[in-house]
Amino acid sequence: MPSSPILNRQALYLRPDASRVIVRPFKPATEPRDLNPTDKTRANHIVDRILALSPEQAEHQLADVLENFLGRHRNLLQTFEARADEMEDAFHGHSRFTTIQRQLVGAYFLSEYSFEASALFNPSIVPHPDQSGTTAGALRFILSLRAVGEGHVSSLTFRTGLVDTDGTVSIDPTARLASNPAVQHLGSGPGGEDVAVTFRSSEDISERVIFPITESQSNGIEDARFVKFEHSERTVYYATYTAYSGRAIRSEIIETSDFVTFRFSALRGSASHNKGMALFPRKIDGRFAMIARQDNENLYLIYSDDLYTWDGGTPILKPAAPWEFIQIGNCGSPIELDEGWLLLTHGVGPVRKYSIGAALLDKNDPTKVLGRLDEPLLRPAPSEREGYVPNVVYTCGAMRHGDQIIFPYAISDSYSNIATIDIRSLLAAMDK
């Protein structure tokens, strides 16, 4: 293993917090509930029971609901009313709801969901679009994280933090509440249905939770690899991720400029049917470029003219060392250094143990490998072996700050930590 000056583990543990909840639609249905349409008969039985309450009983029941849940969510009464509106097509003819009845109906068709009760892992990191008030030499950043709750459904959530002038990394406190965005369906995009989600800009970024929206994402938005992308005229943050429907996977992409509004689009082409696509932070020879694993074993360089269509590819890295004999994959977007493109990789070895390595690619022709670690940069420490999936360390993206790489990583698919990497020592340790 490389000597200790290369990598320094911090103690900034980001653990799942079951007290962080959002409200999600509940639909009475036959089991399995998530895969079957709303049972309209059951839905109308619920409405009939609510309408049979006297005004005093309905008012008392709503007051009881608010006493239990009002402090746990923002704008709860408006959320109840919006949910009642969404369910209207499932209801048979009924008398006009009073305001209290409508709010009570909405409450019965919602449920609380602890979105990170099981895991908070596979992070990526990018510079924050707002650096105002940051001292010279410091950098504010955004962490994206995969949160997993009941049913192993994955959503996307965020944290912020700071790399101080001396290289010290800190994470900001997490907001107590969490919020759902407004959703806009944009119609058919390049690879299928496009959607946009928008949060209130006044809310802390750690409140923002992006839950699956489309059918292709219905069981999870997994392993988002965010990257700050420099167009000639503007800066955009993209993230490739795996959409999981419960039956199939496909690669999709997120676009945002402010982490308030996010646009989701599907990717197409033969290279988009696997996991782990990571976008370079700028075009190469006028084309978009990705590192991807198309055959479940090796890493490829692929190009696109339009960002959405990805075909073909050139193999550039294959398993070489025993700790990666089963397969290798990328650990986020390549990081541009003066010496070349730094690519963090993961390798799977005996007893399905995951380790993280690194390679250096030529800046003008990334099919050329200039250097590669022959031993892992990071292996699970004895204290990091236990978790939902034991013996795994993993990251979805790091970033450069000065002479360091700020390197968030997940531990056994359960929680996350941050390390720093000394760039000069890392490059010196690579086999040329």
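Quick note: the coordinates plus some simple rules give every number you see, no bench work behind them. None of these values were measured; they are calculated from a predicted model. We place every Cβ from the backbone using ideal geometry, glycine too, and count neighbours over all the protein chains shown.
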Relative to the Cα centre, what is the charge dipole magnitude of the chain, using +1 at the beta carbon of each Lys and Arg, -1 at the beta carbon of each Asp and Glu, and rounding to the nearest 20 debye?
460 debye
By average Cβ neighbour count within 10 Å, what is the ranking of 417-427, 130-140 from highest down?
417-427, 130-140
Least to most buried among H273, H92 (fewest other Cβ within 10 Å first)
H92, H273
Restricting to lysines and to Cα separations under 19 Å from K368, and discarding same-chain partners fewer than 8 apart, the set is K283, K318, K432
With only alpha-carbon atoms counted, please give the Rg and Dmax of the range 21-114, in Å.
13.1, 37
Computed Rg/Rh for the range 163-253 (Cα atoms; Rh = Kirkwood radius) stands at 1.02
Under the definition of Cα pairs under 8 Å and six or more residues apart, what whole-number percent is the relative contact order of the range 21-114?
48 percent
Give the calculated FRET efficiency between D362 and N75 to the nearest 0.05, with a Förster radius of 56 Å applied to their Cβ-Cβ distance.
0.60
Just from its helices, what would the mean residue ellipticity at 222 nm be for the chain, if runs of 4 or more DSSP H residues each count -39500 (n - 2.57) and the sum is divided by every residue, rounded to the nearest 500 deg cm²/dmol?
-4000 deg cm²/dmol
Using only alpha carbon pairs under 8 Å that are at least six residues apart, calculate the relative contact order of the chain and give it in whole percent.
14 percent
Please name whichever of V183, T214, T261 sits farthest to the positive end of the charge dipole of the range 117-429, dipole taken about the Cα centre and charges placed at Cβ: Lys and Arg +1, Asp and Glu -1.
T214
So for the range 206-363, using the alpha carbon gyration tensor with a ≥ b ≥ c as root eigenvalues (a/c under 1.5 gives rounded; past that, a/b versus b/c decides prolate or oblate), I'd call it oblate
Considering the dipole of the chain built from charges on the beta carbon (Lys and Arg +1, Asp and Glu -1) around the Cα centre, which of P334, L299, S416 is farthest to its positive end?
L299
At 7 Å along the Cα-to-beta-carbon direction for both H60 and T165, put a label point, then send me their distance in nm to one decimal.
6.5 nm
Among V260, V47, what is the fewest-to-most ranking by other Cβ atoms within 10 Å?
V260, V47
If packing is taken as the average count of other Cβ atoms within 10 Å, what order do 213-222, 354-363 fall into, highest mean first?
354-363, 213-222
Once the mean 1/r over all distinct Cα pairs of the range 318-432 is inverted, what Kirkwood radius in angstroms do you read off?
14.3 Å
Go through 168-176, 13-21, 110-118 and give me the packing order, highest mean Cβ count within 10 Å leading.
110-118, 13-21, 168-176
Treat every Asp and Glu Cβ in the range 21-114 as -1 and every Lys and Arg Cβ as +1, leave all other atoms uncharged, and give the resulting dipole magnitude about the Cα centre to the nearest 20 debye.
140 debye
Per residue of the range 129-143, what does 6.51 cos²θ - 1.76 cosθ + 1.60 with θ = phi - 60° give for ³J(HN,Hα)? Whole Hz please, x for Gly and Pro, Karplus curve as stated.
x, 10, 9, 4, x, 7, 5, 4, x, 9, 8, 7, 9, 10, 9
